[in-house]
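All remarks here apply to the structure that follows.
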Amino acid sequence: MERTEKVYHSTKNFLFKYFLAFIWIGFNFVVFCKAFSNYHHEPEYYYLSKILGNGLCISRATAPILNLTMVLITLPVCRTLNVLLNTIFGRWSVQILVFYLEKIKALHMTLGVGLIIIGSIHTLAHMSNIYHYIEHYDSKLKAINWATGTDDSILRLLLATPTGFSGCVMLGALFVIAYFSRRHMRERFYNSFLTSHHLFLLFYGMMFYHPLSNIIKHQTNLKAHPNGCDTIDEQIFRNDSVLQAICKEEPVFGANEKMAWIWPLLGLSVYVIDVTYRYLTAHSEAKKVTTLQAYILPGGGTYLKLQFNQTKRVAVRPGQFVLLQCPIISTLEWHPFTVVDFPTAVHNSISLVISDRGDWTHKLYEAVLHNEHCKRQNHVEIQPSRKISFLLSGPHPSPMVSILKYKRIVYIGAGVGITPFAGMIRHLLNYSPRYTSRIHLIWMVKNVEMFTWFADDIIKLQERFWKQNKPDRFTLKFFWTENYNQNLVEEYFTDYPTLRTRIYKGRPVWEELFLELITLYPKKAVTVFSCGPKNLTKDIKIYCRQYGKHACKITHLHAGFG
């Protein structure tokens, strides 16, 4: 019985997790089968099917799937569209909004993988078509044969024709994008990842160029030349007046109406409109910002305080992030950072905390460090080319926007992954929480100095709960995962005794943590938020599923940009 129940729960979780994927695959399968059947049975493709066989059906059946995927794949990266959806879903259902925001990156990647798979199948089918065009060349059917004869070259058809050349370029662009989209490449060579992704513009351009060879043609005079006329023996045909009346003409062929360009145009149009709107707003007076503060934090961090030039207060909610561009580093790159301090009635500014963990952030760190060094040496002025200014786009929603909607919160952050929670702390210090009743914070770092980034805010929130006689409403556990040194802990946290006693060596024992949760909250709902490396997120998800089957219902939400 227990084994049957486990199988049931595993199947239920699997089906729920991949429900949308099943729907999408099923829809594509139906589209594929319908198109395959049409080209296989339609009489107008009788002669073309005789030459190409199933290669015709497969190449044409995969085409509508590619077109639809090209429309949808750009939507997840249209951030203005996501803000609009956030406005709609945020009022209607927070659960749907959070689910969409959490899965948006997975949706884009899934569509990308599907595009590569279907594109490869489409290419292989056309490779088969090229071979059969040459192998089954018939001088009577020159009008529908892509080849010029049995001695034609496969390479000519593949590389020297619009369809062949554009197909090779598109498939090559897809594989280049896929290669630089791997996590390892994104984290180490972000510039290459960003540059390679712009090959999608080449891909779309080739989509418009692809059908110009008119290699797919249909018969236009079926009434005067029905299927089967070509199989009648010449002698019988001459002696049969009925057959002569039926097959009175040679087959005539015409090119299909070119409508495929509409599909990539739809996706491209939405993306171009979105990018144009973001560009205009980022360069408008309403979104221009002035750098009020920029200084180095211990442990390889950079603190930025940016003030909006407009007088009207910009609405930013806890958990939201902004896209930041620094012209002295790159005029193309936009990077997402969670807002840790928000505009108020007193100041119309936001604060960001950025960890030195990539090429762009390292250049920013060095620029701020250089300016600080210049300021300390009064006789040295900062060069105009070294003055740091920023362009800002946003704010944009993330799954963390719902963090204050839940009563029992467990936040697990690794390194700079603490920033979404830091924004929540600032919000709780300024406003009384309406929903949240219990908060558990678990923060893991490799460098103990990072604990000092938000130590003051954490202590203030803790003291606030103590004054309200609710000391159990906010619990802390900090973990120093590498090169633990008790003397350094004592040195850095002399002024923070309550934090000093909550810093532990090594990594959390997740089994103990989740056992504590199901003991504290029997038959109650607990929401676990995490922000950190992929392996951490994967482990947290596993434990949430495992222990969520027991005494309490555990829901996991993740925020990440990489």
- Task: Considering each residue of the stretch 527-562, count those that are under 15 Å from Ala414 (Cα atoms), open to solvent by less than 60 Å² (accessible area, probe 1.4 Å) and in contact with a Pro (Cβ under 6 Å, 6 or more places away or on another chain), and give that number.
- Result: 3
- Among the residues of the stretch 113-144, which ones are assigned to a loop (DSSP other than H, G, I, E, B) and either aromatic (Phe, Trp, Tyr) or within 44 Å of the chain's Cα centre (by Cα) (or both)? Tyr137
- Message: Restricting to the stretch 368-385, and then to whatever is at pLDDT 80 or above and either among the hydrophobic types (A, V, I, L, M, F, W, C) or in a strand (DSSP E or B) (or both), can you tell me which residue is surrounded by the fewest Cβ atoms within 10 Å (Cβ to Cβ)?
- Response: Leu369
- If you go through the stretch 414-430 one residue at a time, do you hit one that is surrounded by fewer than 17 Cβ atoms within 10 Å (Cβ to Cβ) and either touching a strand residue (DSSP E or B) at 6+ places or on another chain (Cβ under 6 Å) or on the phi < 0 side of the Ramachandran plot (or both)? yes
- Message: Step by step: first the residues of the stretch 323-367, then only those that are assigned to a loop (DSSP other than H, G, I, E, B) and charged (D, E, K, R), then the one that is farthest from the chain's Cα centre (by Cα). Which residue is that?
- Response: Asp356
- Kindly indicate the residue of the stretch 277-298 that is aromatic (Phe, Trp, Tyr) and modelled with pLDDT of 80 or more and also farthest from Glu366 (Cα to Cα) among those meeting that condition. Tyr277
- Of the residues in the stretch 357-367 that are touching a Ser or Thr at 6+ places or on another chain (Cβ under 7 Å) and open to solvent by 10 Å² or more (accessible area, probe 1.4 Å), the one that is modelled with the lowest pLDDT is Thr361
- Query: Somewhere in the stretch 276-297, is a residue within 25 Å of the chain's Cα centre (by Cα), surrounded by 12 or more Cβ atoms within 10 Å (Cβ to Cβ) and without any contact (Cβ under 8 Å) to a residue 12 or more places away in the chain?
  - Reply: yes
- Can you pull out the helices (runs of 4 or more DSSP H) entirely within the stretch 194-258 that have at least 1 residues that are open to solvent by less than 80 Å² (accessible area, probe 1.4 Å) and modelled with pLDDT of 80 or more? 199-209
- Task: Pick out the one residue from Gly417, Gly413 that is farther than 30 Å from Asn309 by Cα and in contact with a Gly (Cβ under 7 Å, 6 or more places away or on another chain).
- Result: Gly413
- Message: Checking the conditions here, which among Lys477, Lys524 is in contact (Cβ under 8 Å) with a residue 12 or more places away in the chain, open to solvent by 80 Å² or more (accessible area, probe 1.4 Å) and not aromatic (Phe, Trp, Tyr)?
- Response: Lys524
- Message: Given the condition closer than 26 Å to Ser398 by Cβ, among the acidic types (Asp, Glu) and modelled with pLDDT of 80 or more, answer yes or no: does some residue in the stretch 533-556 qualify?
- Response: yes
- Task: Provide a single number: the residues in the stretch 104-139 that are without any contact (Cβ under 8 Å) to a residue 24 or more places away in the chain and open to solvent by less than 40 Å² (accessible area, probe 1.4 Å).
- Result: 1
- Residue by residue through the stretch 514-537, note down the ones that are outside any strand (DSSP E or B) and either closer than 22 Å to Ser355 by Cα or within 31 Å of the chain's Cα centre (by Cα) (or both). Phe514, Gly532, Pro533, Lys534, Asn535, Leu536, Thr537
- Query: In the stretch 299-322, which residue that is at pLDDT below 85 and basic (Lys, Arg) is nearest to the chain's Cα centre (by Cα)?
  - Reply: Arg317
- Item | Residues (open to solvent by less than 40 Å² (accessible area, probe 1.4 Å) and under 24 Å from the mean Cα position of the chain (by Cα)) located in the stretch 151-193 | Val169, Met170, Leu171, Gly172, Ala173, Leu174, Ile177, Ala178, Ser181, Met185, Arg186, Phe193
- Lone unmet requirement of (1) within 20 Å of Trp360 (Cβ to Cβ); (2) surrounded by 19 or more Cβ atoms within 10 Å (Cβ to Cβ) for Tyr271: (1)
- Query: Which residue, of Leu75, Leu52, Leu20, Leu81, is hydrophobic (A, V, I, L, M, F, W, C), in contact with an Asp or Glu (Cβ under 7 Å, 6 or more places away or on another chain) and at pLDDT 70 or above?
  - Reply: Leu81
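The values are calculated or read from the model by the stated rules, or taken from the named source; none is laboratory data. Bear in mind that the values here come from a model prediction, so they are computed numbers and not experimental data. All Cβ positions, glycine included, derive from the backbone under ideal geometry; neighbour counts span all protein chains shown. These area figures cover heavy atoms from the full protein model, side chains too; ligands, DNA and RNA do not enter into them. Shrake-Rupley method; radii C 1.70, N 1.55, O 1.52, S 1.80 Å.
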